[in-house]
Structures are given as C-alpha cells and as structure tokens.
1. Among the residues of the stretch 17-35, is any free of Cβ contacts under 8 Å to residues at least 12 places away in the same chain, in contact with an Asp or Glu (Cβ under 9 Å, 6 or more places away or on another chain) and not in a helix (DSSP H, G or I)?
2. Going by what's in this entry, would Ser104 be described as surrounded by 20 or more Cβ atoms within 10 Å (Cβ to Cβ), under 25 Å from Ala205 (Cα atoms), touching a residue at least 12 places away in the same chain (Cβ under 8 Å) and not charged (D, E, K, R)?
3. The conditions are (1) of a type in the set (A, V, I, L, M, F, W, C); (2) in contact (Cβ under 8 Å) with a residue 40 or more places away in the chain; (3) in contact with a Ser or Thr (Cβ under 7 Å, 6 or more places away or on another chain), and Val168 fails exactly one of them. Which is it?
4. Could you tell me whether Ser63 is under 18 Å from Ile23 (Cα atoms), under 20 Å from the mean Cα position of the chain (by Cα), crowded, with 24+ Cβ neighbours inside 10 Å and not assigned by TED's automatic domain parsing to the domain that holds Phe241?
5. Out of the residues in the stretch 221-246 that are part of a helix (DSSP H, G or I) and without any contact (Cβ under 8 Å) to a residue 60 or more places away in the chain, state the one that is farthest from Phe64 (Cα to Cα).
6. Would you say Ala91 is surrounded by 16 or more Cβ atoms within 10 Å (Cβ to Cβ) and either of a type in the set (D, E, K, R) or touching a residue at least 24 places away in the same chain (Cβ under 8 Å) (or both)?
7. Please find, among Lys71, Lys34, Lys48, the residue that is at pLDDT 95 or above and loosely packed, with under 12 Cβ neighbours inside 10 Å.
8. Between Lys216, Lys184, Lys199, Lys209, which is within 28 Å of Gln65 (Cβ to Cβ) and either surrounded by fewer than 13 Cβ atoms within 10 Å (Cβ to Cβ) or without any contact (Cβ under 8 Å) to a residue 60 or more places away in the chain (or both)?
Amino acid sequence: MSGVEKLRQCMKDRVRGSMDITIGIIEAINVAAKEGLSKDRLIKLLEKIVKNQPSMALLINISFQIIDLLKKDQIDEILLLKDNLLKATNALSEKASKLLDNKSVCTISNSKEVFDSIVKSHCKTVYVGVAHPKKEGELFALNLKNSGKKVVIFEDNNYLFGAKMCDVFLSSADAIFDEAFVNKSQTFSLCLFAKYFNKPFYLLANRYKYLSADLKDYYKILQMPCREVTKKDLDVYNVYFEEIPLDLVIPIVG
C-alpha cells in the first residue's frame, strides 16, 4: 500500500483509536515523502484528514506539527514526532498501570493508552461495552484476551453491570480543554456511576491531546449517519463523542 493510500485509510478510519491513527499518519507521511509526493500535496492531504477526523485532538495537534515541519523542509524531523509521542504514552501507561494492580477495571471504547496501561498492570478483570456501531470495544476485548487478560464484554446499555463489578474506572480522552475533556459517548454516564458508587475514575490525560485556543476551532463532534440508528423517516441524533467536566475525574497527566 502506498503512502497516499495509507493516508486515505487514516482519513476514513472510524474503528482505531486516535493514537493508532495518528501514528499511522506519521508513518504514511514518511512513506509518501520517500515516494516523491510533493510538499504541497502532503499538506493538502493532512488538511483533508483534519477536516474528516475533527473529533481527534491528538490527530489535529500532530497533523499541524507535521505541516509546520513540511513548510520548513524538515521532513527528517517528522519521525521524531512518533518517538516523542510513544515515549509520552509509555510514561503515562506506566504511571496508570500501578493504580490498576489487584483491581477490576471498567473502561470504554478502544484506546491504545488504556490498553497499554491494563496490559502492564496486574489487574483482575476488565469490563468493557461492545461500543456500537463499529464494535471497537469487541476488538479491544479480543486484544486484551490475547494478551492474557480476563475480559467481560457486554452491550452498551449494560454499563451499570460494569460499574457494579469494577473497583476503578479508566478512560483516555479524544480531546482535553481547560475545564472539560471529550471521549466516547456514555463516558459521562460512567463518570456519574463512579461518583454514585464512590469509585475512582482515572483519566489518561496525554498532553498531546490538549488543544490550545488556536487549534480548538478545528475540533468538532460530528453527527454520524442516521441509518446507523434507523432507516425509518425519523429525526435522529447520532454522535460518537461527548464533552465531560474534568471535575468528575482524576487526571493522570503525561
């Protein structure tokens, strides 16, 4: 697959988490540059990716850093972004893993940061919803099982079960602002469950997901296809993400 094809794949991806997609973009840009794609074409592709994936702050941040490097003809520096990003993520997951030892964990969706934190820990059981409509929670659960972890998966409307069974809640964020963060829909409900049951809700707050004022306008929560909910002639609300106040969680900063 060519670099351009990989970039177009990242543009349409609705299953992988923002970390995996962003790393894919960095690698694809490097491949496309070696294949001789012009700087202007690469910048236009990145701008299109940001437009098509406006609900991923990490992707937005890194894409504009790549654009800046391309404009300065510093293409060799692009792969360093991957190294720095992975180092920050590894440090964050190491810190989080220690909070999960001998605990059962309830989480949501498919996050590389959450996955790495759980795999590095000595946690008991992981509880996760299937995450309709793309079922990324199922993929997350299978990957955890293959890594030797005990996992229980359930329908998204059964998160009360996960909330009762777990000792701690764990989530990453798709975007972080000054007073709120954005994550998969139903995260707000999990935060309220955590508050009701007096259980900690840890948020993996990767600094690369913080959006400054000049980048915040690029971030949008999109209305997704109505047919995912119903094919009938009805008004539909269908979004994958929601905004949650930071005062409902315990941020783990990295």
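1. No, the stretch 17-35 contains no residue that is free of Cβ contacts under 8 Å to residues at least 12 places away in the same chain, in contact with an Asp or Glu (Cβ under 9 Å, 6 or more places away or on another chain) and not in a helix (DSSP H, G or I).
2. Working: surrounded by 20 or more Cβ atoms within 10 Å (Cβ to Cβ): no; under 25 Å from Ala205 (Cα atoms): yes; touching a residue at least 12 places away in the same chain (Cβ under 8 Å): yes; not charged (D, E, K, R): yes.
Taking the combined requirement at face value, the residue does not satisfy it.
3. Of everything listed in (1) of a type in the set (A, V, I, L, M, F, W, C); (2) in contact (Cβ under 8 Å) with a residue 40 or more places away in the chain; (3) in contact with a Ser or Thr (Cβ under 7 Å, 6 or more places away or on another chain), Val168 misses just condition (3).
4. Values: under 18 Å from Ile23 (Cα atoms): yes; under 20 Å from the mean Cα position of the chain (by Cα): yes; crowded, with 24+ Cβ neighbours inside 10 Å: yes; not assigned by TED's automatic domain parsing to the domain that holds Phe241: yes.
Yes; evaluated as a whole, the condition is true for this residue.
5. Residues of the stretch 221-246 part of a helix (DSSP H, G or I): 226-228, 246.
Narrowing further to those that are without any contact (Cβ under 8 Å) to a residue 60 or more places away in the chain: 226-227.
On the way: Cys226: 31, Arg227: 33 Å.
The qualifying residue farthest from Phe64 (Cα to Cα) is Arg227.
6. On the way: surrounded by 16 or more Cβ atoms within 10 Å (Cβ to Cβ): no; either of a type in the set (D, E, K, R) or touching a residue at least 24 places away in the same chain (Cβ under 8 Å) (or both): yes.
It is false that Ala91 is surrounded by 16 or more Cβ atoms within 10 Å (Cβ to Cβ) and either of a type in the set (D, E, K, R) or touching a residue at least 24 places away in the same chain (Cβ under 8 Å) (or both).
7. On the way: Lys34 fails: at pLDDT 95 or above; Lys48 fails: loosely packed, with under 12 Cβ neighbours inside 10 Å.
Sole residue among the options that is at pLDDT 95 or above and loosely packed, with under 12 Cβ neighbours inside 10 Å: Lys71.
8. None of the other options fit; the residue is Lys216.
The values are calculated or read from the model by the stated rules, or taken from the named source; none is laboratory data. This one's a predicted model, so the numbers in the text were calculated from it and none came from an experiment. Please note: Cβ atoms are built from the backbone with ideal geometry, for glycine as well, and neighbour counts cover all protein chains shown.
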